[in-house]
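Novice: What follows is a structure written as structure tokens; I'll ask about it next.
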Amino acid sequence: MATAHEDPSLDLEDAPLEDDDDDDSDDSVSQKSKDRAKIKFASVMQRGEAVAYFSALVDGLRHGRLQFRHGMESVALEPSEQVAIEVKASRKGDKERVSFELEWKRPPRESLEISG
């Protein structure tokens, strides 16, 4: 799954994409809405395959770049040095679950310079 140490990526084969189309359709769409991208993936796989996905995530987190690909769609994320993590583990009857959530803030963009 991880292609190279400089560009760890996850190729999400047969993954359904979820697209956010709640933006206004006029030409004056803000930079915030243009800067949105989302890939959602759900699959049943062998444990070894799941390990490969998580290994790619760990490599990407370690190198500061996560690249997700599905067909022609891709989402590149650049985790900051400070990352918030949430882990949940549960068991209900014969079903067990672990979920992980990572979140970070992107550094502010460069400010506008105006000269006269």
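Just so it is clear, none of the values below were taken in a lab; they were calculated from the coordinates. In this text, all values refer to a predicted model and were calculated from it rather than measured experimentally. Note that we place each Cβ from the backbone using ideal geometry, even for glycine, and neighbour counts take in every protein chain shown.
Novice: Kindly put Ser111, Ser99 in sequence by how many other C-beta atoms sit within 10 Å of each C-beta, fewest to most.
Specialist: In order of increasing Cβ crowding within 10 Å: Ser111, Ser99.
Novice: Taking 0.36 nm per residue of sequence separation and subtracting the Cα-Cα distance, how much length would be gained by fully extending the chain between Glu113 and Ser74, in nm to one decimal?
Specialist: Once the chain is fully extended between Glu113 and Ser74, it gains 10.9 nm.
Novice: What ³J(HN,Hα) values, in whole Hz, does the Karplus curve 6.51 cos²θ - 1.76 cosθ + 1.60 give for the stretch 46-59 when θ = phi - 60°, with x put for Gly and Pro?
Specialist: In residue order, the calculated couplings are 5, 4, x, 5, 5, 4, 5, 4, 5, 4, 5, 4, 4, 4 Hz.
Novice: Quick one: which residues, 5+ away or cross-chain, put their amide H under 5 Å from the amide H of Ile39? H built at 1.01 Å from N.
Specialist: Those lying under 5 Å, H to H, from Ile39: there are none.
Novice: Here's something else I'd like to know. Label 7 Å along Cα→Cβ of Gln82; the stretch 101-116 residues with amide nitrogen under 14 Å?
Specialist: Residues 103-108 fall inside that zone.
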